[in-house]
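S.K.: Pasting a structure here, questions to come.
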Amino acid sequence: MKIGTPKEVITGEARVAMTPESARQLQKLGYDCAIESGAGLLAGFSDATYEEAGVEVIKTAAALWKASDIIAKVRQPNEAELKRLNKAKTLISFFNPGGNEEGLELAKAKGANVVAMEMVPRISRAQKMDALSSMANIAGYRAVIEAGNNFGRFFTGQITAAGKVPPAKVLVVGAGVAGLAAIGTSTSLGAITLAFDVRPEVAEQVESMGAEFVYLDFEEEQADGASSGGYASVSSPEFREAQLAKFRELAPEVDIVITTALIPNREAPELWTEDMVQAMKPGSVIVDLAAEKGGNCKLTVMDEKIVTENGVTIIGYTDFPSRMAAQSSTLYATNIRHMMTDLTPEKDGQINHDMEDDVIRGATVTHQGEITFPPPPPKVQAIAAKPKEVVPELTPEEKRAEEVAAFKAQTKQQVTLLAVGGALLLLVGLVAPASFMQHFIVFVLSVFIGFQVIWGVAHSLHTPLMAVTNAISSIIILGALMQIGSGSFLVILLAALSVFMAGINIFGGFLVTRRMLAMFQKS
Amino acid sequence: MEYGFTTAAYVVAAVLFILSLGGLSGQESAKRAVWYGIVGMALAVFATLVGPGSGLWLLSILLIAGGGAIGYQLATRVQMTQMPELVAAMHSLVGLAAVFVGLIAHIELGRVMAMGAEEKQALDGFAKLLAKKSSVEISILRVELFLGIFIGAVTFTGSVVAYGKLAGKLTSAATKLPGGHMLNAGAAALSLIALIWYFNTGGFFPLFLMTLAALFIGYHLIMGIGGADMPVVVSMLNSYSGWAAAAIGFSLGNDLLIVVGALVGSSGAILSYIMCKAMNRSFVSVILGGFGGSTGPAMEVEGEQVAIDADGVATALEEADSVIIIPGYGMAVAQAQQNVAELTRRLRAKGKEVRFAIHPVAGRLPGHMNVLLAEAKVPYDIVMEMDEINEDFPETDVAIVIGSNDIVNPAAQEDPNSPIAGMPVLECWKAKQVFVSKRGQGTGYSGIENPLFFKENTRMFYGDAKASLDQLLTMIQ
């Protein structure tokens, strides 16, 4: 089958869904690859490099759509593109199925199979094809770079001969993939980075990236993000108030705010209100990564950069990944390639659209003339991390009390054991004759010595210990030797056998122990 | 020769044996300790041969020499990876010897009791000892030799089965005859009845009946214990062989037998206890076989096992500063200890910190891994116990798991429904990167899914451990 990638039709979109490298990998899966002439130009891949990788370059989009069985692209297809589909074709791209009913209907009418890349379930197995994450990663990075571009100072604090430069203070709101990428970029540039998220369990991730997590003074159990597939859910009004109060407090201090807060299938929540913008210092920058869904700041203008009256720059670009087309194309093409790998289990260049597979089922929005969106919940749920139980720190008194109690319990146990043991011994002594008791004392004392001695044996020497005890347990030979001389043939036979076996054991046991011990060497 | 000399020799031998066990507390003193044991044994045998009661000493010496020759052959030929089988096989010999000695005591007892007073005067040695006994003492003697035979018989069949399992001649899975523990309980009850019968009559038949029952118990008990519990089984049998010797010592009135039997018995008991603790299982549940029932469905394991080739492992090792290697039974099976040692040498030569983390129940015998690594000349001061090294994993760049599974299973900590929940494990997943050398995708010996293999920082290095390491060694010079 042939995989084709057309040039993106939306102006300003520089990404491309196939790179020469991904084409080579796709060919290994048994596919032929084709690309529309000039599709990779904006991302830095010329037609020549594609041809070198064995990709057929097709002049026009129409011809490419006609020739290909599978079309891989980036942006949601427009009507004209969808009309080119038919029953035999599969489309893989972003599709926005939640807000694109006409598109779904059209694809259904055409009978084509459509795989929407944003619908890939968020489970570990599917991470390699999670294009949302790979794009969000780029957006997070780029957001910091854009902010830096519009920010008139250094990120890192410096003390130079020409004076002291304070470090920039960056606040990242929302610690999802984009947020974490922004945190990482910002800290590595040297800024003091604060981060906030409504899911308290991400505090650890935030701190691991070198940022400081902003905690709220708020007593409410937040719904665990893991129960909703790793996304944030809507928070209560009280919680929202506490959150805004905290932001208001931070607004005058921070130089750069990067907001990434999105709730699935909803308008972006307003987190950075107008009065906070007013409170910020002139020259500060806000980058609103939620601009496409209305923005976390109401002043944000989608796809534009504005400067407020008090000199705060607000960036509302929605095309961050496209601004780094070479990087994002590489990652996106790899996501597509992984998706194809899953769709081609036999590596024979034929699609096997397995609707039983959680990942494929989840991402497929139309299949054989049916709309299959929304998908059923995946069979495998993300493992919800159990909240850790905090062990309260013990005060010295409590500790001492505990020790005393433990000591008392131990004493009690030992005394009971001794008492019971002693009583049992006395009982035996009442019945048994003195000659038995003499041996019995020896026995009990030996057991004690044994326990004391063996506790001291090093762990690493347990095998030699077993070999040695095995060897000396053939002391049973003494019994046989004592008896061999007296009595009948049967006795001699049995005793002789015992002596023989014990002989094997003595020599075997000791020799093997010596062999083992000789091996232990110090470095 | 006088009786006093024999007793004196026994005292010296007992002290030597105690020193011999005590010396095992350190690697250096252990080398000396073995000699104490050897000298003690030689002294004991010599004293018994020249002491009262023994005869046919030429035959005895010949037999010891013959047994010794076989023992020597066994000991020099055995592969270090086969140690568990060897130890189990040797336990069976002790068990059988105990049964025989007990039977002899019974025969002698019958013979002596049938004699008249004058004949008794003429006896010497063991028979003389018997002749002097009062009726109460004879009753006690019966109980003692009965116990000796019972424990010896259990040890014998148990060890044979353990040997079969360890050598791969029997299936290692826990198998039970229909009826399960009821059969064991029945056989034990039968033995108890036989004891009372024998106590009263002194006949041979109840003794014979009990021996059969004990043989069955030994067989069935060990058959019912799964492969992963083998370290406990071996040390438990070790303990039994000691108790059998002690019981025989009682019936023969020989203090040295009692002392040594008690030493060996308690040593095995402690080892079993340590092993059980390392697996967070009660001794009873191990003996009764199989893992305890889990209380709910096991946690779903999510994700996939990501494979890596030797090249990738080599690169990661080149970059790492600290490496911890976790060997398991798989290393023993693949005979890969030499390759592991070579890898260690090369990495250490590059100035990297390489250490080994040994779980108490790694392998099929207590301390099994230590012996294998020692054989391959890995210095023992970089071989660490679990408690010593567990806290160091977060600062470790690379952890390499070679042929172990359950002892690195995070489910023991994370999944309360897991059959191994609560068992202390090596927390290798906290290392920055984990490589698992494993033959295939299957579950481990105990059949429990291991979430470690699905973790994000885990890479699976599939293939036979030895072949994989060979390949790796060509890339690390």
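S.K.: Against the condition in contact with a Pro (Cβ under 8 Å, 6 or more places away or on another chain) and in a strand (DSSP E or B), how does B:Phe435 come out, does it pass?
M.R.: Criteria not met by B:Phe435.
S.K.: Which ones in region A:145-198 are touching a Pro at 6+ places or on another chain (Cβ under 8 Å) and either closer than 23 Å to A:Ser328 by Cβ or of a type in the set (A, V, I, L, M, F, W, C) (or both)?
M.R.: If the condition is that a residue be touching a Pro at 6+ places or on another chain (Cβ under 8 Å) and either closer than 23 Å to A:Ser328 by Cβ or of a type in the set (A, V, I, L, M, F, W, C) (or both), then A:Phe154, A:Phe155, A:Ala191, A:Ile192 are the ones that fit.
S.K.: I would also like to ask the following. Hey, can you tell me all the residues within region A:347-362 that are assigned to a loop (DSSP other than H, G, I, E, B) and in contact (Cβ under 8 Å) with a residue 12 or more places away in the chain?
M.R.: Selection gives A:Lys347, A:Asp348, A:Gly349, A:Gln350, A:Ile351, A:His353, A:Met355, A:Asp357.
S.K.: Conditions: (1) at pLDDT 85 or above; (2) in contact with a helix residue (DSSP H, G or I) (Cβ under 8 Å, 6 or more places away or on another chain); (3) among the basic types (Lys, Arg); (4) part of a loop (DSSP other than H, G, I, E, B). A:Lys281 meets all but one. Number of the miss?
M.R.: (2)
S.K.: One residue is enough: does region A:25-45 have a residue meeting the conditions in a helix (DSSP H, G or I) and β-branched (Val, Ile, Thr)?
M.R.: So far as region A:25-45 goes, no, none of its residues is in a helix (DSSP H, G or I) and β-branched (Val, Ile, Thr).
S.K.: Right, next: Just checking, how many residues over region A:134-165 are surrounded by fewer than 19 Cβ atoms within 10 Å (Cβ to Cβ) and touching a residue at least 12 places away in the same chain (Cβ under 8 Å)?
M.R.: Residues meeting the conditions: 8.
S.K.: Taking region A:493-523 on its own, how many of its residues are hydrophobic (A, V, I, L, M, F, W, C), facing chain B (nearest Cβ under 7 Å) and either touching a Lys or Arg at 6+ places or on another chain (Cβ under 6 Å) or farther than 21 Å from B:Leu373 by Cα (or both)?
M.R.: Qualifying residue count, region A:493-523: 12.
S.K.: Confirm whether A:Ala39 is without any contact (Cβ under 8 Å) to a residue 40 or more places away in the chain, buried (at least 24 other Cβ atoms within 10 Å of the Cβ) and closer than 22 Å to A:Ala325 by Cβ.
M.R.: Yes; evaluated as a whole, the condition is true for this residue.
S.K.: Among A:Ala162, A:Ala80, A:Ala116, A:Ala131, which is of a type in the set (A, V, I, L, M, F, W, C), modelled with pLDDT of 85 or more and in contact with a strand residue (DSSP E or B) (Cβ under 9 Å, 6 or more places away or on another chain)?
M.R.: A:Ala116
S.K.: Before we move on, is A:Glu267 modelled with pLDDT under 90 and in a loop (DSSP other than H, G, I, E, B)?
M.R.: Against the criterion (modelled with pLDDT under 90 and in a loop (DSSP other than H, G, I, E, B)), A:Glu267 qualifies.
S.K.: Among the numbered criteria (1) modelled with pLDDT of 85 or more; (2) in contact with a helix residue (DSSP H, G or I) (Cβ under 7 Å, 6 or more places away or on another chain); (3) farther than 17 Å from A:Met519 by Cβ, which one does B:Ala421 miss?
M.R.: It is condition (1) that B:Ala421 fails.
S.K.: Return the total of residues in region A:264-283 being in contact (Cβ under 8 Å) with a residue 60 or more places away in the chain and out of contact with any strand residue (DSSP E or B) (no Cβ under 6 Å at 6 or more places or on another chain).
M.R.: 2
S.K.: Any residue that is under 30 Å from B:Ser135 (Cα atoms) and facing chain B (nearest Cβ under 7 Å) - is there at least one of those in region A:459-470?
M.R.: For region A:459-470, residues under 30 Å from B:Ser135 (Cα atoms) and facing chain B (nearest Cβ under 7 Å): absent.
S.K.: Among the residues of region A:192-201, is any touching a residue at least 40 places away in the same chain (Cβ under 8 Å), aromatic (Phe, Trp, Tyr) and crowded, with 20+ Cβ neighbours inside 10 Å?
M.R.: yes
The values are calculated or read from the model by the stated rules, or taken from the named source; none is laboratory data. Nothing here was measured: the structure is a model prediction, and the numbers come from that model. Glycine also receives a Cβ, built like all others from the backbone with ideal geometry; neighbour counts cover every protein chain displayed.
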